[in-house]
Amino acid sequence: MLTTLTQCPFCSVQCKADIRLEEGTPQGSKSFVVQGAPNAASQGRLCVKGQNAHQHAQGRDRLKQPLIRKHGELTPASWAEALSLVAAQFKQTTSRYGQNAIGVYGGGSLTNETAYMLGKFARVALGTRYIDYNGRFCMSAAASAGVKTFGMDRGMTCRLSDIAAASCIILAGTNIAECQPTLMPYFLQAKEKGTKIIVIDPRYTATAALADIHLPIKPGTDAILAAMFMKIIVSEGLVDEDFVASRTEGYAELQAELAGLDLAEMADRCGLALEQVRTAAIMYGDAPTGIIFTARGVEQQTDGHLAVRGLLNLVLATGKIGREGCGYGAVTGQGNGQGGREHGQKADQLPGYRSIENDADRAYIASVWGIQPEDLPRQGVSAYELLERMNSQEIRTLFIMGSNPVVSSPHADRVEEGLKKLDCLIVADMYLSETARMADVVLPVTSYLENTGTMTNLEGRVLLREAVQPPPGEAWHDWMILRELARSLSKEQYFQYTSAEEIFEELRIASKGGTADYYGITYERLRQEGGIYWPCPAEEHPGTGMLFAERFAHADGKAVFAPFQLPQQTEFPDGEYPLTLTNGRVLAHYLTGVQTRRSPALAARQLHNFVEIHPQTAQQYRIREGEWVEISSRRGSFTVRSKYSAAIRPDTIFVPMHWGGIQNVNKATNPALDPFCKMPGFKTAAVRIRTATLD
Ligand SMILES: Nc1nc2c(c(=O)[nH]1)N[C@H]1C(S)=C(S)[C@@H](COP(=O)(O)OP(=O)(O)OC[C@H]3O[C@@H](n4cnc5c(=O)[nH]c(N)nc54)[C@H](O)[C@@H]3O)O[C@H]1N2
Ligand SMILES: Nc1nc2c(c(=O)[nH]1)N[C@H]1C(S)=C(S)[C@@H](COP(=O)(O)OP(=O)(O)OC[C@H]3O[C@@H](n4cnc5c(=O)[nH]c(N)nc54)[C@H](O)[C@@H]3O)O[C@H]1N2
Ligand code: SF4
Ligand SMILES: [Mo]
């Protein structure tokens, strides 16, 4: 090991860890000692996933050689053979169907350097407009809401250290106790100081155990609840009139829209007691300081954008932003969920959060890349729409780097059908994931222990993660694969990098002057300072922890209230499909489980998938505790074991997302998209449940 300081590969906190190899055990086996290392976000803490992440990275089934499908089987091959096959395929697809018949699909686990290069690779080496990434399924509702309301999207507008200074905190659809466990002490400390906490979740989660008020909302109705809060805050006289007048727009229009709404009817739609909602709204409205956090419970809905904006309306109406103990936080999910959405993996985006449809942005990035602006493709389509284009055969060749869409996409069976229709599927991964197993070419990549790069955590803090060991076998860094593929396509002049740091140096310039400005950040500074918040426009600049202290990011400096539209969920329970299926995570597993299911210590904590079901509901459907049940929606069915829980609403069931095959919850989820941000309505599907017949 070169150095022992590393960073957990999983969630958005990006805890630092010390990993040491202890050799010389009696059997000659290697053993690793992992400990949390000092860092500002987790304050040295590490959760069970971080403590065991090395198990998968050191595991036996890491891919160590490229694989090519021959006579139906994935067969080991040399890099030369794999690269020339991929390049030939790209050329053939382009000559037969045009450049836009190639799709590129990225991920939020990739480093900033790789994410940046993947966007450039798609636009410059392949010339396709079709690139998007798994963050569309993750951050898109909160991101688009932040852009519309504040003029920019950075997950947290304040710092983690502001949590203790907040007098009231709303946690809406976020299960921090299981998903960002090392942040829990921030909330516990706040509580000790007297902070009031409101949790909005259909389940009484480990996070809800923090709450002074738990609102067990009916899934998919958060936009209605946010509007209720607003009406109550107005009628109780809790609006910060000065803030609204001097720093916002659109307040009067919103009031007019809310005037005719009936609170009792709205409470009924949310499945909540009006008096409890009123108490909660007054608690937040009355507090001198406060922070609202949202995560996927609110956001992964067909009205996720409006639901988040509804909550941002409360932030603006009460003037709780831009000062200590105040703000909004979209609790970002993946390790580089934040940075991954800033540098050009998104269909409509160029590095530095620039827009691919803006002429000045196009001209600037074209000049950095040494191409003509007219050679830059235009905006493509969102992740699910891109996958749908495989079914219509507009996309013929797909290149996936850092995602497992066979398990993680809504209506998973349809995505699988689409993948089968491709002329060629290329997957760059560390393992034979469910998606890689379907590929024609699999390219082995390095893990967090081997790959140097920067990651941006949920606060917008850029961190440097350095390699601690050499790659296993013939695994390559993602950026090396992209560089060599560009060479095979005779585009090497645009991809002359010999290290991640060189890519970062170009990213600094590409992001300069953009919303997500990284220009002032260097590897050297990151080594010395530990982490730096963007925007950081100059090397002398300390970085920006607290956003919007004086002005918002819209041209006129004002924030914009969102209008209220009665949200249109696309699917409600009915006689045929009487229950609401929602879904999410458990502590020990990560996303589609490709990594954590390969870590013995983590796998042992939860071997199989399950459905959390209220005992009353289980009785109604004659389902015994622990038995196999089949859950079906209009899309498809999956089979899991039942697990009784009195902590969930009786009209709702909850299934984790960490398993593929017949246990994959996404066989049933809803692919209908939010019209504003194209987020699928993952979290609300109408289903029926019955005992499974296993033959
Ligand atoms: N252990 C673990 N940690 C993770 C991950 C992981 O896979 N495992 N993934 C990471 C990633 S990429 C992400 S995006 C984050 C996700 O972090 P979260 O969004 O916090 O996680 P989820 O479990 O998907 O959903 C959060 C909560 O939303 C609730 N919910 C469901 N429907 C609704 C609704 O309609 N309204 C409201 N208000 N709540 C609802 C669920 O009951 C659940 O408790 O976690 C990150 N951290
Ligand atoms: N039903 C339901 N579905 C969901 C969600 C939900 O809440 N409910 N959440 C959605 C959310 S928030 C997310 S973020 C998505 C995530 O879903 P996916 O995009 O499928 O994410 P992962 O399971 O992390 O898959 C990442 C793959 O990339 C590989 N990988 C990891 N690091 C690297 C790397 O550095 N380079 C390369 N080349 N490969 C790497 C891993 O081995 C793994 O195979 O799922 C979405 N799907
Ligand atoms: S999973 Fe998240 S909270 Fe746990 S150690 Fe890793 S980065 Fe930290
Ligand atoms: Mo995510």
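Listing for the model above:
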{"quantity": "Inter-label distance for Glu501 and Thr75, nm, one decimal - labels placed 7 Å from Cα along Cα-to-Cβ", "calculated": "4.3"}
{"quantity": "Nearest-10 value in Å² for the accessible area of Lys512, using the 1.4 Å probe", "calculated": "90"}
{"quantity": "Prolate/oblate/rounded label for the range 145-290 (Cα gyration tensor, a/c 1.5)", "calculated": "oblate"}
{"quantity": "Positive-end extreme of charge dipole, the chain - chosen from Ser499, Val277, Thr4 (charges on Cβ)", "calculated": "Thr4"}
{"quantity": "Burial order of peptide ranges 382-394, 247-259 (average beta-carbon count within 10 Å, highest first)", "calculated": "382-394, 247-259"}
{"quantity": "Test item: Cα-centred dipole of the range 111-157, Lys/Arg +1 and Asp/Glu -1 on Cβ, debye", "calculated": "140"}
{"quantity": "About the Cα centre, charge dipole magnitude for the chain (Lys/Arg +1, Asp/Glu -1 at Cβ), debye", "calculated": "1400"}
{"quantity": "Calculated FRET value between Gln565 and Gln493, using beta carbons and R₀ = 60 Å, to 0.05", "calculated": "0.75"}
{"quantity": "Span from the the range 315-386 Cα centroid across to the the range 487-525 one, whole angstrom", "calculated": "16"}
{"quantity": "Förster radius 56 Å - calculated FRET efficiency between Gln616 and Ala252 (Cβ-Cβ, nearest 0.05)", "calculated": "0.75"}
{"quantity": "Hydrodynamic radius by Kirkwood, which averages 1/r over all alpha carbon pairs of the range 468-587, in angstrom", "calculated": "19.8"}
{"quantity": "Two-site FRET efficiency, Glu22 against Lys91, from Cβ-Cβ distance with R₀ of 51 Å, rounded to 0.05", "calculated": "0.55"}
{"quantity": "Ordering of 310-322, 103-115, 83-95, 489-501 by burial proxy (mean other Cβ atoms within 10 Å per residue, highest first)", "calculated": "103-115, 310-322, 83-95, 489-501"}
{"quantity": "Given charges at beta-carbon only (K, R positive; D, E negative), |dipole| of the range 77-143 in Debye", "calculated": "240"}
{"quantity": "1.4 Å probe accessible area per residue over the chain, in Å²", "calculated": "34"}
{"quantity": "Distant-in-sequence amide H partners of Gln7 (H built 1.01 Å from N, under 5 Å)", "calculated": "Ala17"}
{"quantity": "Surface share of carbon and sulfur [accessible, 1.4 angstrom probe, percent] for the chain", "calculated": "49"}
{"quantity": "Inter-centroid distance (Cα atoms) of the range 611-644 relative to the range 212-244, Å", "calculated": "34"}
{"quantity": "Ranked by how many other beta carbons lie within 10 Å on average, peptides 153-162, 455-464 from highest", "calculated": "455-464, 153-162"}
{"quantity": "Charge-dipole axis of the range 240-303 as Lys and Arg at +1 and Asp and Glu at -1 on Cβ define it, positive-most pick from Thr248, Ala264, Thr302", "calculated": "Thr302"}
{"quantity": "For the range 347-482, Kirkwood radius (reciprocal of mean inverse C-alpha pair distance, Å)", "calculated": "17.3"}
{"quantity": "Cβ-based charge dipole, the range 431-486, positive-most Cα from Pro470, Met455, Ile481", "calculated": "Met455"}
{"quantity": "Kirkwood Rh, angstrom, the range 641-695 [1 / mean 1/r, Cα pairs]", "calculated": "13.4"}
{"quantity": "Taking the C-alpha atoms of the range 396-543, convex hull volume expressed per residue in Å³", "calculated": "146"}
{"quantity": "Stretch gain in nm, segment Leu263-Arg605, where the contour uses 0.36 nm per residue and the Cα spacing is subtracted", "calculated": "118.8 nm"}
{"quantity": "Whole-number D in µm²/s for the range 110-225 (Stokes-Einstein; Kirkwood sum over Cα pairs; 37 °C, 0.692 mPa s)", "calculated": "195"}
{"quantity": "Segment Thr4-Lys420, length gained on full extension (0.36 nm per residue, minus Cα span)", "calculated": "145.5 nm"}
{"quantity": "19 Å cut-off, amide nitrogen to a point 7 angstrom out along Glu474 Cα→Cβ, residues in the range 399-428", "calculated": "426-428"}
{"quantity": "Above-threshold pairs, the threshold being 30 Å between Cα atoms, out of Lys512/Lys678; Lys49/Lys643; Lys231/Lys683; Lys64/Lys643; Lys346/Lys643; Lys16/Lys70", "calculated": "Lys64/Lys643; Lys346/Lys643; Lys16/Lys70"}
{"quantity": "Gyration tensor verdict on the chain (Cα atoms; rounded if a/c is under 1.5, prolate if a/b is larger than b/c, oblate otherwise)", "calculated": "rounded"}
{"quantity": "Global geometry of the range 296-353, whether rounded, prolate or oblate, following the gyration tensor of its Cα atoms and the 1.5 cut on a/c", "calculated": "prolate"}
{"quantity": "q = 0.15, 0.17, 0.23 Å⁻¹: log10 I(q)/I(0) that the Debye formula gives for the range 309-396, counting C-alpha atoms only", "calculated": "-0.83, -0.93, -1.07"}
{"quantity": "Label-to-label distance, nm, for residues given as Asp359 and Ser31 (7 Å Cα→Cβ offset)", "calculated": "6.8"}
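The values are calculated or read from the model by the stated rules, or taken from the named source; none is laboratory data. The model shown is predicted, which means the values in this text are computed figures rather than measured ones. Counting neighbours? That spans all protein chains shown, and the Cβs are built from the backbone with ideal geometry, glycine included. Please note that ligands, DNA and RNA were not included when accessible areas were found on the heavy atoms of the full protein model with its side chains. Shrake-Rupley method; radii C 1.70, N 1.55, O 1.52, S 1.80 Å.
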